[in-house]
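Scroll down for the structure; my scribbles are underneath it.
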Amino acid sequence: MQYVSTHPRKVRGEEVHQTSSEKKRTAKNRQLHKSMSIGGLEHEVSGASFHKGIETEECEVAVGKHPKLFREAVEAAYIVPDADHFVDAPDVKEVADRLKLWLSVGYPVHLIGPTGCGKTSMAMHIAKELGQPVVWINGDEAVTTTDLIGGYSQIEQETLRDKYVHNVFRSKDILKADWVDNPLTLACKYGYTLVYNEFSRTKPLANNILLSVFEEGILELPTKFGEERYIRVHPDFNAILTSNSVEYAGVHKPQDALLDRLVGIYMDYYSFNTEVKIVRAHTGVPERDARKIVGVVGSLREKLSDAQKPGTRACIMIGQGLKALNGHGSVNFEQLCIDVMATKTSSPADLLEKQSLVKEAIAGFA
């Protein structure tokens, strides 16, 4: 229960006594004004609330006047992975062009492929190219519809007592429910780009909310009260979903009704030369070392099952280890490869088998 004085005492423009929630809200507003201080944007959203998105009319006015500053503020509130060292190669461009084509005609795109093949990097790179703020969801077993759309974070009860007039006592109780928008709602409201990583690791029931978003362009907030229960999806809204192939552990098969509303693009591992460029861009190792790394990892892919195949990420990890050694230390190239491959072993016998495969692959590039 929160007691509010009708004539609060203030010092230097701030109330002397604040509850913990009020202090947090004040700190958030200060951070918002700091992030929007360039170009005078803070004067236009003064007093507005900002919680992982813009939620008041004053801030919506600022969107149109200062889109760049507004975008920077949103991106500062939502931490999303950076698509650094993105390599421009023919096979990369081919996938990127298809992805941009379908987004340009209004369809959400589902990137499907083996682990470590660059799905997330591709999604983030294209999302940034679209020029809208990017919001991020990472799917897993525990994700619910509320995690996607938001919910009532708290219900506050305020008791107002007025003793200003002598012999007059007035008491009033006010219940306030604070709604907090989560990534899907923000993206639909303001035309952001939604990147739903590991989409198929979320249980299908939680993703039912996407059906009306992708088909009718309407987002329903089942737990919200009043007229704001339905939101018309912003015309600039885009969605990119990424999933591992169904043979991977922990992957749920999405419902057919939802898949019918998506465009599916299957991604495989890039070509030898493209992976060499990617390894060099991420690690800075000489081309000779990068070619050896990619060759060894490619050889292992041919001999392992789909769920066990090492991806481009494994090449980068080996390259980073090799770069850190810089010719020094007791760890050799073979051991680096074995350490990276050991993450997908199920038993000592499995590890011995992979050690043998690594030695065989390295011998072929000696």
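The values are calculated or read from the model by the stated rules, or taken from the named source; none is laboratory data. This structure is a prediction, so every number in the text was calculated from the model and none was measured. Because the Cβ atoms are built from the backbone with ideal geometry, glycine has one as well, and the counts that use them run over all protein chains shown.
Before moving on, here are some points about what is shown:
- Within the stretch 342-366, the set of residues being under 14 Å from residue 295 (Cβ atoms) and outside any helix (DSSP H, G or I) comprises 364, 365, 366.
- Every listed requirement among (1) surrounded by fewer than 19 Cβ atoms within 10 Å (Cβ to Cβ); (2) not in a helix (DSSP H, G or I) is met by residue 270 save one, (1).
- Per the listing 257, 239, the residue uniquely assigned by TED's automatic domain parsing to the domain that holds residue 103 and in a strand (DSSP E or B) is 239.
- Candidates are the residues of the stretch 295-338 that are within 18 Å of residue 119 (Cα to Cα) and among the hydrophobic types (A, V, I, L, M, F, W, C); the one that is modelled with the lowest pLDDT is 307.
- Boolean, residue 312 is in contact with an Asp or Glu (Cβ under 9 Å, 6 or more places away or on another chain) and of a type in the set (S, T, N, Q): yes
- Restricting attention to the stretch 84-111, the residues that are crowded, with 20+ Cβ neighbours inside 10 Å and either within 16 Å of the chain's Cα centre (by Cα) or under 18 Å from residue 259 (Cβ atoms) (or both) total 6.
- Any hit, the stretch 313-325, residues being part of a helix (DSSP H, G or I) and in contact (Cβ under 8 Å) with a residue 60 or more places away in the chain: yes
Each row is one residue, and each column tells you yes or no for (1) modelled with pLDDT of 95 or more; (2) closer than 30 Å to residue 179 by Cα.
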{"residue": "98", "(1), (2)": "yes, no"}
{"residue": "111", "(1), (2)": "yes, no"}
{"residue": "114", "(1), (2)": "no, no"}
{"residue": "145", "(1), (2)": "no, yes"}
{"residue": "148", "(1), (2)": "no, yes"}
{"residue": "155", "(1), (2)": "no, yes"}
